[in-house]
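Structure record follows, encoded as structure tokens.
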Amino acid sequence: MTHAKVQVVDEAIERADQPFISARHVTAGYENRRDHTRLIALRDVSLDVARGEFLAIVGPSGCGKTTFINMIAGFVQPLEGEITVDGEPVTGPGMDRAMVFQDYALLPWRTVQRNIRFAMENRRTKPSKAEQDERIRKAIELVGLTGFEKAYPHELSGGMRQRVGIARALVTEPSVLLMDEPFGAVDAMTREAMQAELEKIIAQTGQTVVFITHSIDEAVTLGDRVVVVSSRPGRIKEIVPVDLPRPRMDSDIRGSQRFAEIREHIWSLLQSEALGAKREHS
Amino acid sequence: MTHAKVQVVDEAIERADQPFISARHVTAGYENRRDHTRLIALRDVSLDVARGEFLAIVGPSGCGKTTFINMIAGFVQPLEGEITVDGEPVTGPGMDRAMVFQDYALLPWRTVQRNIRFAMENRRTKPSKAEQDERIRKAIELVGLTGFEKAYPHELSGGMRQRVGIARALVTEPSVLLMDEPFGAVDAMTREAMQAELEKIIAQTGQTVVFITHSIDEAVTLGDRVVVVSSRPGRIKEIVPVDLPRPRMDSDIRGSQRFAEIREHIWSLLQSEALGAKREHS
Amino acid sequence: MIEQIKVSRFAPFRNTAITLVNLGVFFVLWELVARAEVINPLFFPRITDTFDAMYNGFATGVIWPQLSHSLQNFLIGMLISAAIGIPVGLLMGSNKVADVILSPYVWAMTSLPRVAFIPLLILIMGFGNAMQLTIIVLSAVFPIMVNCMAGVKTVDPSLLRAGRAFGANRIQMYGKIILPFTLPFVISGVNQGIARGLVGMLIGELLGGGGEGLGFLLDRAGEQFDAPMLYATLILLAVMSVGLVQGMRWLERRAAPWRESPAR
Amino acid sequence: MIEQIKVSRFAPFRNTAITLVNLGVFFVLWELVARAEVINPLFFPRITDTFDAMYNGFATGVIWPQLSHSLQNFLIGMLISAAIGIPVGLLMGSNKVADVILSPYVWAMTSLPRVAFIPLLILIMGFGNAMQLTIIVLSAVFPIMVNCMAGVKTVDPSLLRAGRAFGANRIQMYGKIILPFTLPFVISGVNQGIARGLVGMLIGELLGGGGEGLGFLLDRAGEQFDAPMLYATLILLAVMSVGLVQGMRWLERRAAPWRESPAR
Amino acid sequence: TQVIPKTESEIVSAIDTAKVRKTLTVGVDNPHYLFHHDVLVALDRGYFKEVGIDNVTIVTTEDPLPGLIGGSLDLALYDTDTTIAAGVKSRTQLRMLSIYLGGEANILGVRQGINTPQDLRGKTITGGQFGSRNDFLVRKLIRDAGMNPDTDVKIVSTGGQSNSRLQAILSGTVDGAGIQLRHKGMLEAQGGKFLLQETAQVPQVGWSAGKLLAESPETVAAFLQATLKARQFIVDPQNKDAVLNLMAAKGFQIPQEFKDAYADENAPDYHTRDGGFETADMDKFVTDQINFKVVPSGTNWRQWVDLMPLWRAQKALGLPLRPAIGGFQ
Ligand SMILES: Nc1ncnc2c1ncn2[C@@H]1O[C@H](COP(=O)(O)OP(=O)(O)OP(=O)(O)O)[C@@H](O)[C@H]1O
Ligand SMILES: Nc1ncnc2c1ncn2[C@@H]1O[C@H](COP(=O)(O)OP(=O)(O)OP(=O)(O)O)[C@@H](O)[C@H]1O
Ligand SMILES: [Mg+2]
Ligand SMILES: [Mg+2]
């Protein structure tokens, strides 16, 4: 493991211009053993993400976004095609990638604090206890949960739970952040504040982010590119580059003409896909 | 039960001008038996909802919105104050009120179809099987899940699950619809389509709706009034009437000046509350 | 998009194949150990002799009447146990007062040896089938009860709310929310009940006056130092138990297809 | 906003009070039935005589050495059983192949009467504590195993993903995700193990030749038709079992405060 | 194969204590004090010391045979027929050495209200597990009393030992049962009685040994000599109190009913005084047990007894050799 890492660093220099995350003709689906059928969720998706890029994904509900991010995370194996991260095919989850789950996936028997600590404690080389505590404190503050360190998930509101999941993913500063609708359950204001924080953090750390969202505004605000996925079976409809300067959160960019244009474009792309989640038979 | 219903219909005429749902000086909280403390989630909330009104609630994450709607539903008892629905104090859940849960609360062992049927099958006087089937079919179509009738919740995407929860609540046409962030997990387009459907339905049925949302746009688009709740312990900051003509979804109202004004107003109200979820000690 | 997939026609037989190889190896090892006489043959017969005894037992009609007597009693006993144990267990799990009041007796009854009750039972019920059934029920009902009780505490409160919100009354809550949720506990409890009920059945047959059943066969084989026959009976018991347990697991899979997520 | 709340100082004693009344009523009923001599006193002594016998037994030092012998053996046996049963059960639950291979033996061993193994055990291990411990373990380990096995299947796949995503290795997965999630199954299994282990303990003491322990006391009381002493021993056993089980439930509550949601 | 001496003079009665094992573990199948007192008296009175044995530990176990075969027991006091059968089937050097209970009191105890055999008609009776010897014996009693056990009475199968059957009578679940002599007092105290009683010479229980016999025949002889000497002490009625007190001191709680039965239990035709038996009795017993399938058919019991240690003990104590050497040559 350690050996492999050293190698990665070495090669990273040569491969700086290579895509960091790359999907090649990926098809994914789920088998239904009851009636011996297979539902194809994503069909023939090819996509490159550069190192340090912020890739936003939007698309109709059920189009395979979670499936796609799960493949990058290593939970789901593609039926066809291949996904590589930093040149290595993904065979399972790795500590280089952290995930914010759509359903939060908090451990109900752990307090907020210990849920966040979970992200660090399993590593072979982990930060010192004091360092961990400090990082946890910061992460909790970041997501606005100070005072709830010792609360259990069932004692939190929906949005608060979601924020624990975010803190857990951010606390280790992984090189890839996989975020599946991370701000879906928080209110508009908290969402903005957290978007700003996220932008700040990744500007500092240079993390690569794959970010699923239902909010077109959010996609355009945060993304370097926005992938628009079509209805199931999901295909890439278009990849929209967002050529707006950063930082975007503190400025008036969201009131700008260009922002509105991009937003309109994505909107129209999606228009034809809405409520298209009917099960197609091929 | 049947007797009580008859009475309700009789009195409804007299009480047409009385508030349908009414909260009087309601304080709610949760006990923590581990350290013998009580967290106050909502403090001294008084609020009336007229019959047929669409009341939207916005507020920072963790401010007590779910707690409030749970009190109307009858799951949580107020520590102080009283909640009445149609003049009767709420002592528990009732079939006059249906709920869309923030965490969906689908029965994992039931297919989509049977989850929706669950809303009807427990009643003493229930529709005929054929009638039920027809209603279920319509509800499934409404939420765009045709083709997934026989899928289990774990086989659905997050947004699809949420839509099952919506279908389940709508299928019985209850007089009160309690919706806790019902469109939080669906994409922008689907959300719009469903907003339009909802508006259409309640225009037909005259249902009273209490609707929690994180989207200010959505609150203004759908609500007759928008309740803005302050940070925990939640208090009503302001109740903003939305004096826009209906139907709003199919028209250009959302591009109108008035819409933008109301939106801005609510936005500024919330501004001061964002990330205010710090635990206060009194 | 839905595709038809082909499942290898042999896939369902994989487990059967593993099981066959597994048991094959086990029996061969048994035979080898027995032949080496590492353990005295009086207590550890060859498996070939054991199967021989079983075959002869069936061929000469020695086993079948006993087996059928036992099987019939056992199944009736288990049905009664489930019918009592599951509802009472669920009630104890959801009702604090019922729990506090019944728990001491239930746990005492779960852990006291059944043999201790036989004289009392015979006294009250006399000899005969009723008494044997009672022992089976007394053996099986408590494990079912305590597992059901433990299960109820795990039910997701969200689902309880959903149940109440959509008008489920008390009985519907048990039938439609609590029971399905606790199913794995219930099944595991029934399986534990099967295991203990079998032992209860043997005790009943041994001490209960009938001179019938596998328990009687077992005792007589012991008395006569007929090790092959003794082991043959034990194997029959094991087959009975494993068969019933597998049946329960199959039932569970049928009743809960939603648990078969591809994640596992 | 956080408020301090006052909890009545008597609230925790409510259950104790219910239990006291409950047992009080039970014992009074017992005494009445016994006095009415509905059942022959040879088999159903008065509870007063029973407590008398227990008191005398302790006063004359007849009971304590036996109780202490039993208790010690039993606790060691249970520790071993848990140490083997929990990991193996969890493994069987999560590994299909381990399940298919081990299941038949585990279920066979769960349901075959322990008495049947005693001769073989004595043959191999002789008399003495090792053999008695073995019987306890053989009795307790399988119920624990099968409950753990059943529990693993219920683990939420989301949490397994979270575990893997945050770098938990196989052992950490078991320790930090699977075990906490299955805790209610594990505890219920251990409780079932306690119940069966107690019976195993008695059998071992009865047949194992030690002339020690509660099993010996029970046997002697039976031999001497000393019904009060017999019931006194049974009550001691019941107290032992109920006490241990309550201890486990207390432990579970301590280990899983998150389950104590106000919804229940 | 054992060497049978030709004459009594060939038998060496003296024990070579140098060859004797110092400690022994023996098994008995009955927790009743009667099954312990030979060994305990011999220990207490120093008879073991005399023959070079320091200590003997008694293990009470329902089935001492696995212990004997497995080696954790050196000697066992157990049913003759079962031991012979186990010897045959286990292919070990398991041998019967002497007889402890040589008489069989076949008794039908009945509850209060049954006074004559005719009262038994239609009543429920048990002799234990169907197909067992006790079951057979009860049927025999009924038959000898002029009734048909299959039609005139209802016989049920029960498990457990004599005391379970006594319990069954006392509780009224059966009207009569085959029980042991020592339960007489208890039955009569509850208004019941021994209705039918036959005694026969049946060498039913005795000492046996396995490996020890091959490894150290001297120890076996020494053990038999010491316990047989204790037996002579026990059967003397004058020693009743001494024995009972000793047993009480060893932790046995002996009810009055059992004390009263002391003389009966230790009567010479029941509790064998010299450890011997008559070959004719053994012939009949084994034949019976072959019919019950307890003993494998074709068994020649003479191959499964080793009487040399007994003869040596009998000679040392000045008792006549029984069975006589002649029957074995
Ligand atoms: N475990 C599963 N088993 C079977 N089918 C599944 C499973 N998970 C997802 N699916 C199906 O795969 C398709 C894509 O699901 P996915 O969760 O990737 O959608 P999504 O784009 O994330 O949707 P949403 O925005 O609603 O979360 C859906 O049609 C869903 O029904
Ligand atoms: N079961 C519970 N036990 C203890 N505290 C709880 C419980 N449920 C909610 N709370 C607390 O009550 C407060 C209000 O929670 P509530 O769920 O009502 O918020 P909300 O407004 O719905 O938030 P969100 O928008 O994030 O869903 C929160 O601080 C939360 O921690
Ligand atoms: Mg998704
Ligand atoms: Mg909420």
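The values are calculated or read from the model by the stated rules, or taken from the named source; none is laboratory data. Treat the numbers as computed from the prediction; the structure is a model and nothing was measured. Note that each Cβ is placed from the backbone with ideal geometry, even for glycine, and that neighbours are counted across all protein chains shown. The protein model used for the area step is the full one, side chains on, heavy atoms only, and it has no ligands, DNA or RNA in it. Shrake-Rupley method; radii C 1.70, N 1.55, O 1.52, S 1.80 Å.
The table below gives the values:
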quantity: Count of segment B:200-224 residues which are farther than 17 Å from B:A169 by Cα, surrounded by fewer than 20 Cβ atoms within 10 Å (Cβ to Cβ) and away from chain A (no Cβ under 14 Å); calculated: 1
quantity: Contacts under 7 angstrom Cβ, first residue in segment C:213-231 being under 11 Å from C:F43 (Cβ atoms), partner basic (K, R) and assigned to a helix (DSSP H, G or I), 6 or more apart; calculated: C:F225/E:K89
quantity: D:F74 touching a residue at least 60 places away in the same chain (Cβ under 8 Å), part of a helix (DSSP H, G or I) and either in contact with a Pro (Cβ under 7 Å, 6 or more places away or on another chain) or in the same structural domain as D:D156 (by TED's automatic domain parsing) (or both); calculated: yes
quantity: Members of segment B:65-108 that are within 16 Å of ligand 1 (Cβ to nearest atom) and surrounded by fewer than 22 Cβ atoms within 10 Å (Cβ to Cβ); calculated: B:D103, B:P108
quantity: Answer from B:R248, B:R258, B:R232, B:R263 - the residue that is at pLDDT below 85, among the charged types (D, E, K, R) and either away from ligand 3 (no atom under 16 Å from the Cβ) or over 26 Å from B:Y30 (Cβ atoms) (or both); calculated: B:R232
quantity: Residue match in segment B:183-191 (condition: of a type in the set (D, E) and more than 15 Å from ligand 3 (Cβ to nearest atom)); calculated: no
quantity: Condition met for A:R163 (within 12 Å of ligand 2 (Cβ to nearest atom) and in contact with a Gly (Cβ under 9 Å, 6 or more places away or on another chain)); calculated: yes
quantity: Boolean, A:E197 is more than 16 Å from ligand 4 (Cβ to nearest atom), over 20 Å from A:S22 (Cβ atoms), within 14 Å of chain B (Cβ to nearest Cβ) and surrounded by fewer than 20 Cβ atoms within 10 Å (Cβ to Cβ); calculated: yes
quantity: Residues of segment B:109-129 satisfying the condition of being surrounded by fewer than 16 Cβ atoms within 10 Å (Cβ to Cβ) and among the small types (G, A, S); calculated: B:S128
quantity: Condition broken by A:K150, with the remaining ones in (1) more than 12 Å from ligand 2 (Cβ to nearest atom); (2) open to solvent by 40 Å² or more (accessible area, probe 1.4 Å) satisfied; calculated: (1)
quantity: Subset of segment E:165-208 [open to solvent by less than 10 Å² (accessible area, probe 1.4 Å) and either without any contact (Cβ under 8 Å) to a residue 12 or more places away in the chain or touching a His at 6+ places or on another chain (Cβ under 7 Å) (or both)]; calculated: E:L166
quantity: Output for segment D:115-151, where each listed residue is at the interface with another protein chain (Cβ under 9 Å from one of its Cβ atoms) and within 28 Å of C:L251 (Cα to Cα); calculated: D:F142, D:P143, D:V146, D:N147, D:M149, D:A150, D:G151
quantity: Any hit, segment A:124-140, residues being touching a Gly at 6+ places or on another chain (Cβ under 6 Å) and more than 14 Å from chain B (Cβ to nearest Cβ); calculated: no
quantity: Some residue of segment E:277-297 being within 18 Å of E:L224 (Cβ to Cβ) and open to solvent by less than 50 Å² (accessible area, probe 1.4 Å); calculated: yes
quantity: Segments classed as helices (runs of 4 or more DSSP H), wholly inside segment E:1-107, with at least 2 members that are in contact (Cβ under 8 Å) with a residue 60 or more places away in the chain and away from chain D (no Cβ under 14 Å); calculated: E:37-44, E:47-50, E:80-90
quantity: Checklist (1) open to solvent by 20 Å² or more (accessible area, probe 1.4 Å); (2) touching a Lys or Arg at 6+ places or on another chain (Cβ under 8 Å) applied to C:L218, failing item; calculated: (2)
quantity: Candidates B:E173, B:E199, B:E149, filtered to the one that is assigned to a helix (DSSP H, G or I) and away from ligand 3 (no atom under 16 Å from the Cβ); calculated: B:E199
quantity: Pair list, Cβ under 6 Å, 6 or more apart: segment D:126-140 residue in the same structural domain as D:A83 (by TED's automatic domain parsing), other residue open to solvent by 10 Å² or more (accessible area, probe 1.4 Å) and in a loop (DSSP other than H, G, I, E, B); calculated: D:G126/E:S72; D:F127/E:S72
quantity: Which numbered condition B:M179 fails, given (1) in contact with a Phe, Trp or Tyr (Cβ under 6 Å, 6 or more places away or on another chain); (2) away from ligand 2 (no atom under 16 Å from the Cβ); calculated: (2)
quantity: Count of residues meeting criterion [within 12 Å of E:A313 (Cα to Cα) and in contact with a Gly (Cβ under 7 Å, 6 or more places away or on another chain)] in segment E:208-233; calculated: 3
quantity: Count of residues meeting criterion [outside any helix (DSSP H, G or I), at pLDDT 90 or above and surrounded by fewer than 20 Cβ atoms within 10 Å (Cβ to Cβ)] in segment E:219-275; calculated: 0
quantity: Qualifying residue in segment B:241-257 (condition: open to solvent by less than 40 Å² (accessible area, probe 1.4 Å), in contact with a strand residue (DSSP E or B) (Cβ under 7 Å, 6 or more places away or on another chain) and not in a loop (DSSP other than H, G, I, E, B)); calculated: no
